[in-house]
Amino acid sequence: KDTAAVVAVDVSSDEDDGSEDDSEDGDDAIEYDPDVWQSKFEGATHALTEDLAQLRTSRASAGMIDHIMVDVYGESTPLSQLATITAPNAQTLSVTLYDASTASAVEKAIMNSPLGLVPRSSSDGMIVPIPTMTQDTRKEVSKLASKLAENAKIAARNIRHRALKHIKRAAMPEDDQKRAEKYLQSMTDDTMAGITKLCAAKDKEIMSL
């Protein structure tokens with residue numbers, strides 16, 4: 001059974017969207033800048049994109065392993081900083097090391113990851129075959145992708161909730177406030193649609209034979 005199908009991606013729900021303290025308590029009027037909140041929505045979508053890239057599929061991609069942490073030079077370093085990673089074909093990753101002395105540590109890190117990959121040495125680094133996934137494994141990874149997308153939507157809803165608080169406290173006429181709320185809803189809807197689209201595309205990639 002293909003038991004090691006995915007990377008260790010944190011899919012726990014987080015009620016905080018990761019932004020700084022907005023000092024929402026109190027009665028003082030504040031400035032409301034929609035661009036600030038647009039940036040937060042984009043951040044939630046970007047985080048999902050990175051998380052989905054780490055999920056294993058049967059098609060090789062650098063994102064599957066570039067985040068793996070390698071113990072070298074006395075510290076933990078992402079593989080992307082130690083090598084160039086390419087996919088010469090759909091079933092193979094090529095890892096070209098910048099420093100040949102890191103080969104043993106890189107090999108160990110890849111083998112110890114939850115991906116179930118076994119690298120082979122090459123002249124300038126290593127080759128990493130990507131095994132075909134079983135149908136059960138595909139379903140498992142698909143469920144994880146859906147969970148990641150749902151967490152991204154939770155983050156987006158939290159951003160909207162906090163932005164609404166800022167709008168209500170902002171020093172602006174009532175008509176401007178209503179326009180700001182309408183635009184905020186538009187940003188939220190666009191973000192939700194984008195998250196759904198990202199998840200659907202990943203699910204199609206995961207389930208494709």
message: For a bin width of 10 Å, list the pair-distance distribution of the range 70-209 built from all Cα-Cα distances, rounded to whole %.
response: 10, 25, 22, 20, 13, 8, 1
- prompt: Given H placed on each backbone N at 1.01 Å, which residues far from Ala87 in sequence or on other chains put an amide H within less than 5 Å of it?
  reply: Ser94
- line: extent check for the range 136-209: Cα max minus min per principal axis, descending, whole Å, gives 56, 15, 8
Total lysine pairs under 17 Å (Cα atoms) in the chain, excluding pairs fewer than 8 apart on one chain: 19
statement: Sequence order, the range 120-133: Karplus ³J(HN,Hα) from phi using 6.51 cos²θ - 1.76 cosθ + 1.60, θ = phi - 60°, Hz rounded, Gly and Pro as x, gives 10, 5, 9, 4, 10, x, 7, 10, 10, x, 9, x, 5, 8
- prompt: Once both labels are modelled 7 Å past Cα along the beta-carbon direction, what's the Thr96-Met172 spacing in nm?
  reply: 5.0
task: Can you send over the carbon and sulfur percentage of the accessible area for the range 85-209, probe radius 1.4 Å, protein chains only?
output: 54
- prompt: Which of Thr45, Ser101, Ala87 sits closest to the plus end of the dipole of the chain, meaning its Cα is farthest towards the positive end, when Lys and Arg get +1 and Asp and Glu get -1 on the C-beta?
  reply: Ala87
- prompt: Which of the DSSP-defined H helices in the chain satisfy a minimum axial length of 27 Å, computed from C-alpha atoms, and a minimum mean Kyte-Doolittle hydropathy of -1.0?
  reply: 34-53, 174-207
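Could you work out the relative contact order of the range 145-209? I mean the mean sequence separation of Cα pairs under 8 Å and 6+ apart, divided by the number of residues, in percent.
Numbers: 24 pairs, mean separation 33.5, N = 65.
The normalised contact order for the range 145-209 reaches 52 percent.
Express the relative contact order of the range 67-209 as a whole percentage, based on alpha carbon pairs under 8 Å and six or more residues apart in sequence.
18
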statement: Per residue, accessible area of the range 127-196 with a 1.4 Å probe, heavy atoms of protein chains only, in Å², comes to 52
query: Efficiency by 1/(1 + (r/R0)^6): what FRET value for Lys139 and Gln185, r their Cβ-Cβ distance, R0 = 35 Å, to the nearest 0.05?
result: 0.50
statement: With label points set 7 Å from each Cα along the Cα-to-Cβ direction at Gln81 and Ala105, the distance between them in nm comes to 1.1
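The values are calculated or read from the model by the stated rules, or taken from the named source; none is laboratory data. The structure displayed is predicted, hence computed values, not measured ones. Backbone-built Cβ (ideal geometry, glycine too); neighbour counts: all protein chains shown. Calculation scope for accessible area: heavy atoms of the full protein, side chains included, ligands and nucleic acids excluded. Shrake-Rupley method; radii C 1.70, N 1.55, O 1.52, S 1.80 Å.
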